Amino acid sequence: MKIIIQKFGGSSLATLELRENIVQKVREAKERSINPVIVVSAMGRKGEPYATDTLIDMVNQYKPMPRNLDLLMACGEIISSVTIASYLKDRGWDTIPLTGGQAGIITDNHYGKANIINIDTQLLLNILKEGKIPVVAGFQGITKEGNITTLGRGGSDVTAAILGEALKADSIEIYTDVDGVMTADPILMPSAKVLSAIDYNEVLELAEYGAKVIHPRAIEISMRSNIPIYIKNATTNSPGTLITNYNKINLQKTLRYPVVTGIAHISDRAQIKVKTDNNEDFFDPLFFTEIANNNISIDLINLFPEEKVFIIDKKDISKVEEILKENKYQYNIIDNCCKVTAIGSGMRGVPGVMARIVSALHREDIQILQTADSHTTISCLVKEEDTKAAIRVLHEEFNLG
Ligand code: ADP
Ligand code: ASP
Ligand code: MG
């Protein structure tokens, strides 16, 4: 049986016009004799009635237990699955809405970011064999004990990928509000270009460094099962971006590896500098253990004898400050930063990429607060207010537009 996973993001479900697009995508799959499994996210964006952020805001002030917050957040996707299944039924398709748990996604009890431990495809396969279309609520699973969990923000992509793998789907289509994976976030860089094809490894880095068009875990799952992913605009017929392995792309001669393929960014960072005055005895390495014990992740870590520098998510500033004060450290915090990263498999071993980045940012008077690099990435921490300019300058420097 040929199966395709069609995932529709929150911005692709809310209106009747958008739902009609889903009907069309289902029809196209059926016309090719492929059985669609639909995965849906919570409808709309922050502020709209059933969006995940809106649900969180309803209870945030009461500091709910993680288990209870997951139960609430999962409702957004369940509402979408019943609504979309009902709409499709009205348009003549036999559909069955399912929660993530009913679709067989079993997780551990790491609420808010649960790990998938098993998939039971029995019910999904039975539905497909009867010629019906399952409409699965994304972003969620269920523990063995029967508690509903969520898979982390943006997790409906993970649902699509894991079901694709478990059902041995031919391909996964991710429908969203942009034309595909682009050279930068088009909200900040309107002249960003759609990449017609990209290798799993490269898009994984783009996603990990902040390009939220696809969840990095979804890429990892599809890469290990070697299932191609298409990222497409739900409202157009544009071809979108094909994500697959390098060899397949290369055979199609659509890929040359440029030095930089795209620019990603992560906002809402804060830089912390702890002064240690060249006196290592003054600094207790258990400080980092204490930070970790509070579930705070740190990034861009540079340790010098005179100071320890790292960045955190802005939301964790008060907790980190509390720990710094308890330890009586002198410190400095820059609380409005953004990590901007140039990504490209083609930069491996190429000298001068850092020099171009530093010169380009310098020309525009953009201060670099910190840097980090790997073989295929160079990240610069800049002030939040410089984000747009930094992305534009790097986009231009590497001729991405
Ligand atoms: P959905 O609700 O469909 O899952 P998301 O908001 O999670 O949509 O992801 C789509 C958004 O990702 C786009 O609206 C775009 O602003 C943002 N984005 C960030 N970086 C990129 C990129 N490199 N290419 C495409 N979109 C990007
Ligand atoms: N609705 C969830 C979120 O906003 C999952 C998703 O959109 O993929 O994070
Ligand atoms: Mg998303």
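Only helical DSSP H runs with n ≥ 4 go in: add -39500 (n - 2.57) per run for the chain, normalise by residue count and round the 222 nm mean residue ellipticity to 500 deg cm²/dmol.
Result for the chain, helices only: -10000 deg cm²/dmol.
Per 5 Å bin, what percent of the C-alpha pairs of the range 229-348 does each bin hold, from zero upward?
2, 9, 15, 16, 12, 9, 9, 9, 8, 7, 4, 1, 0
Show me the helices of the chain, taken as full DSSP H stretches, that run 30 Å or more along their long axis by Cα and average -1.0 or above in Kyte-Doolittle hydropathy.
Length and hydropathy pass: 66-90.
Out of residues 5 or more away from Gly44 or on other chains, whose amide H comes under 5 Å of its own, with H placed 1.01 Å from N in the peptide plane?
Under 5 Å from the amide H of Gly44 lie the amide H atoms of Ser11, Ser12, Leu13, Ala14, each far enough along the sequence or on another chain.
For the range 287-401, what is the relative contact order in percent, using Cα pairs closer than 8 Å and at least 6 residues apart in sequence?
Reported as a whole number, the value is 23 percent.
Please tell me the relative contact order of the chain in percent, rounded to the nearest whole number, where contacts are Cα pairs under 8 Å and at least six residues apart.
RCO, the chain: 13 percent.
What percent of all Cα-Cα pairs in the chain falls into each 20 Å bin, going from 0 up to the bin containing the maximum distance?
P(r) over the chain, rounded to whole percents: 25, 54, 20, 1.
What percent does the relative contact order of the range 337-401 come to when contacts are Cα pairs within less than 8 Å and at least six residues apart?
Working: 84 pairs, mean separation 28.5, N = 65.
Once divided by the residue count of the range 337-401, the mean separation gives 44 percent.
Greater than 20 Å separation of Cα atoms is the criterion. Which listed pairs, Lys46/Lys232; Lys212/Lys319; Lys25/Lys132, meet it? The partial results should precede the final answer.
Working: Lys46/Lys232 22 Å; Lys212/Lys319 26 Å; Lys25/Lys132 15 Å.
Flagged as over cut-off: Lys46/Lys232; Lys212/Lys319.
Below 13 angstrom from the Cβ of Ala234, what's the summed charge of the other residues (Lys, Arg +1; Asp, Glu -1)? Please report the intermediate quantities before stating the final value.
Details: positive: Lys7, Arg19, Lys25, Lys232; negative: Glu17, Glu20, Glu28, Glu173, Asp177, Asp179.
For residues surrounding Ala234, the net value is -2.
Test of the criteria: in the range 187-289, which trypsin sites (Lys or Arg not before Pro) are in a DSSP loop and have at most 11 other Cβ atoms within 10 angstrom of their Cβ? Display every interim value, and only then the final one.
Numbers: sites: Lys193, Lys212, Arg217, Arg224, Lys232, Lys248, Lys253, Arg256, Arg269, Lys273, Lys275; in loops: Lys193, Lys212, Lys253, Arg256.
Here the sparse-neighbourhood loop sites are Lys253, Arg256.
If you line up the Cα atoms of the range 38-175 on their principal axes, what length do they span on each, largest first, in Å?
45, 32, 23
Let me check I've understood the local charge: for Tyr87, count other residues with C-beta under 14 angstrom from its C-beta, Lys and Arg +1, Asp and Glu -1. What total comes out?
Within the 14 Å Cβ shell, the charges total +1.
Please label the shape of the range 274-319 as rounded, prolate or oblate, based on the square roots a ≥ b ≥ c of the eigenvalues of the alpha-carbon gyration tensor (a/c under 1.5 means rounded; beyond that, a/b larger than b/c means prolate, else oblate).
It comes out prolate by the Cα gyration axes.
First check a/c for the range 88-127, with a ≥ b ≥ c the square roots of the eigenvalues of its C-alpha gyration tensor; if it is under 1.5, answer rounded, and if not, answer prolate when a/b is larger than b/c or oblate otherwise.
Verdict is oblate for the range 88-127.
What does the net charge come to around Asp108 if you take all other residues with beta carbon closer than 13 Å to its beta carbon, with K and R at +1 and D and E at -1?
In short, +1.
Of the trypsin sites (Lys or Arg not before Pro) in the range 326-401, which ones lie in a loop per DSSP and count no more than 16 other C-beta atoms within 10 Å? Walk me through the intermediate numbers first.
Details: sites: Lys328, Lys339, Arg348, Arg356, Arg363, Lys383, Lys388, Arg392; in loops: Lys328, Arg348.
Those satisfying the criteria are Lys328, Arg348.
Coordinate-derived values only; no laboratory data. Remember, it's a predicted structure, so these values are computed and weren't measured experimentally. Don't worry about glycine lacking a Cβ; one is built from the backbone with ideal geometry, like all the others, and counts go over all protein chains shown.
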